[in-house]
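Encoded as structure tokens, the structure appears first; notes follow it.
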Amino acid sequence: MKNLFAQAQKHKSRIAIISTGQSYSYTDLISKSTELAHFLLRGRTDLNGARIAFLMPPSFEYTALMWAIWRAGGIAVPLCEKHPLASLTYVIEDTQAECLVYSKEFKNKLEPLSEKVTYSFDFEEAESQNITLDLAIKKERSALILYTSGTTGNPKGVVTTHQNIEAQITSLTRGWGWSKEDHILNVLPMHHVHGIINVLSCALWSGACCEFLSRFDSKKVFDSFSRESINVFMAVPTIYYKLIVFWKELSLTEQEEISSILKKFRLMVSGSAALPVSVLEAWKKISGHVLLERYGMTEMGMAISNSYRAKRIPGHIGLPLEGVTVRLADEQNQPVKEGNQGEIQVKGPNVFKEYWNKPKATQATFTKEGWFKTGDIAVFENNCYRILGRNSVDIIKSGGYKISALEIEEALRKHPDIKECGVVGVPDEEWGELICASLIVNKETLDFKAVSTWLKSLLPSYKIPRKYILQEDLPRNVMGKVTKNELKKLFI
Ligand code: MCA
Ligand code: AMP
């Protein structure tokens, strides 16, 4: 990622990051990442693709560490603070991480993992060294592993190279008119593309400022906006929904104040899940902005976007971004006729390199001609793409997170009182989809609250079902296969 650091050299004294109320310049970012790179290298000249896992709150320190890993030739593996130990262990073992870095507040939680890596350390223990670092990292080298849920087995590690990341960043910075005058508020989790690439890396590429909130909180978001320096915002539809609810509860004067500030923003983007037109309309009334909706995926960053400058079409995702080629294909991977629906397939320098250690899964997700098969179904109409759904009912999108129904079912089956289960995502205005589970149990009743509490030791909170029912048997077709669409109806 030479270019991201070369870009930073142009903006030395500008503010790069604001976190926990403190401002850090591009010079601070370069020097802190140099120090940390030396610490990670431990006398070597190149990490040679070693996986460095880390758990830090979204912050200057998080960013400096990620840059340090990249600059020292390692592969960054950001962990999620909401994940229970079981999920963190899976990632550490799957990536065979060499090192685990954490900030103080996670020390106790991560203690059991220290024996699984060669070395681990508290970020604050990394001693400062006054040195220079100029390792030239080839762009084809792997840079980042992010975990994503699929329709088979455990989550898969999506490996992107420095080149992939650069392509993902530059198509957005050009397409959405980023400049060094921009100041973005980052409220997103930092183990996904949305927060890491679209917000943080696009800002840093442009010489702009990225201000972190440690976690999403509607009041804190509006308080930050009230200082009138932030002019760009990006979030998932659930966050806009929550901001709308919060705004409606403010006094008339407060509402007017917030609205007049929002109207001055340069850009507001929604993505990671379908943006309901009702949310788009409500936010337009509050902010004066028609949210720019775009479509992306962990495996390819952003692929399709509404226009920054021209009219945005509600309910549609727009056209391919610069450098990205898109087609709609049928089940035989043949392009469909215009007007027909098909799977979105993508080619371009933005598309990931591989699933970590899963060559068969990697091969299965590309066509013979090298098109990446997204699994999303769309139609091209009015000179624009519109998403119709996914080709698998077992992928749920809730709060912007991609969740595998099968992974939740597998976890539920480990419960001593659960014989069988079926998990589905049911449409929900706030969350996009709500996770619901039907359980077949080996006793009269079951305390659902206790099941959820038990499940939290196996799965992060956003994968916990919100509604349960008990059944004698699950709805099945003549072949005995569970009919998930029938199951969904029971919750609606
Ligand atoms: C949390 N809660 C939920 C859910 N999650 N209820 C129903 N469904 C859910 N999915 C409940 C909790 O149980 C809790 O309830 C209460 O909400 C607050 O929980 P907390 O964890 O504190 O929630 P939050 O922090 O308010 O989270 C909401 C959120 C979060 C901010 C919208 O889900 C989020 O950050 N989503 C963004 C995910 C993201 O970045 N996705 C991008 C990946 P109780 O109080 O009763 O216990 S996709 C991507 O990167 C691609 C490339 C793309 O296109 O962008
Ligand atoms: P993830 O794997 O977490 O990166 O999530 C990617 C998935 O999010 C895509 O495959 C889509 O199903 C969904 N997605 C992202 N953006 C949109 C959007 N604007 N509209 C509908 N679905 C979206």
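The values are calculated or read from the model by the stated rules, or taken from the named source; none is laboratory data. Values in this document were obtained by computation on a predicted structure and should not be read as measured data. Note that each Cβ is placed from the backbone with ideal geometry, even for glycine, and that neighbours are counted across all protein chains shown. Side chains are part of the model used for accessible areas, which takes the heavy atoms of the whole protein and leaves out ligands, DNA and RNA. Shrake-Rupley method; radii C 1.70, N 1.55, O 1.52, S 1.80 Å.
Restricting to region 198-225, count the residues that are more than 13 Å from ligand 1 (Cβ to nearest atom), under 24 Å from residue 253 (Cβ atoms) and either of a type in the set (A, V, I, L, M) or open to solvent by 20 Å² or more (accessible area, probe 1.4 Å) (or both).
Qualifying residue count for the region: 1.
Which ones in region 417-456 are of a type in the set (Gly, Ala, Ser) and within 16 Å of ligand 2 (Cβ to nearest atom)?
425, 432
Could you tell me whether residue 111 is more than 14 Å from ligand 1 (Cβ to nearest atom) and either surrounded by 20 or more Cβ atoms within 10 Å (Cβ to Cβ) or in contact (Cβ under 8 Å) with a residue 40 or more places away in the chain (or both)?
Numbers: more than 14 Å from ligand 1 (Cβ to nearest atom): yes; either surrounded by 20 or more Cβ atoms within 10 Å (Cβ to Cβ) or in contact (Cβ under 8 Å) with a residue 40 or more places away in the chain (or both): no.
Taking the combined requirement at face value, the residue does not satisfy it.
Looking at region 275-303 only, could you name the residues that are among the hydrophobic types (A, V, I, L, M, F, W, C) and either closer than 18 Å to residue 225 by Cα or more than 7 Å from ligand 2 (Cβ to nearest atom) (or both)?
Across region 275-303, the qualifying residues are 277, 279, 280, 282, 283, 286, 290, 291, 292, 300, 302, 303.
Restricting attention to region 434-483, report how many residues are open to solvent by less than 20 Å² (accessible area, probe 1.4 Å), touching a Gly at 6+ places or on another chain (Cβ under 7 Å) and of a type outside the set (A, V, I, L, M).
1
Could you list, in sequence order, the residues of region 379-425 that are among the small types (Gly, Ala, Ser), assigned to a strand (DSSP E or B) and within 14 Å of ligand 1 (Cβ to nearest atom)?
Those that are among the small types (Gly, Ala, Ser), assigned to a strand (DSSP E or B) and within 14 Å of ligand 1 (Cβ to nearest atom): 398, 404, 425.
If you scan region 177-189, which residues turn out to be in contact with a Phe, Trp or Tyr (Cβ under 9 Å, 6 or more places away or on another chain) and either within 8 Å of ligand 1 (Cβ to nearest atom) or open to solvent by less than 10 Å² (accessible area, probe 1.4 Å) (or both)?
From region 177-189, those in contact with a Phe, Trp or Tyr (Cβ under 9 Å, 6 or more places away or on another chain) are 177-178, 184-189; that's our starting set.
Residues satisfying the conditions are 184, 185, 186, 187, 188, 189.
Name the helices (runs of 4 or more DSSP H) wholly within region 50-153 that hold at least 1 residues that are within 14 Å of residue 191 (Cβ to Cβ) and modelled with pLDDT of 95 or more?
Per the criteria, 60-71, 85-95.
Name the pairs: first residue in region 234-246 and open to solvent by 50 Å² or more (accessible area, probe 1.4 Å), second residue within 7 Å of ligand 1 (Cβ to nearest atom), Cβ to Cβ under 9 Å, at least 6 apart or on different chains?
As it stands, the answer is 241/431; 242/216, since those pairs meet every condition given.
State whether the residues of region 165-182 include one that is modelled with pLDDT of 95 or more, among the aromatic types (Phe, Trp, Tyr) and part of a helix (DSSP H, G or I).
Narrowing region 165-182 to residues modelled with pLDDT of 95 or more: 165-182.
From what's left, among the aromatic types (Phe, Trp, Tyr): 176, 178.
Then drop every residue that is not part of a helix (DSSP H, G or I), which leaves none.
No, there is no match, as no residue in region 165-182 is modelled with pLDDT of 95 or more, among the aromatic types (Phe, Trp, Tyr) and part of a helix (DSSP H, G or I).
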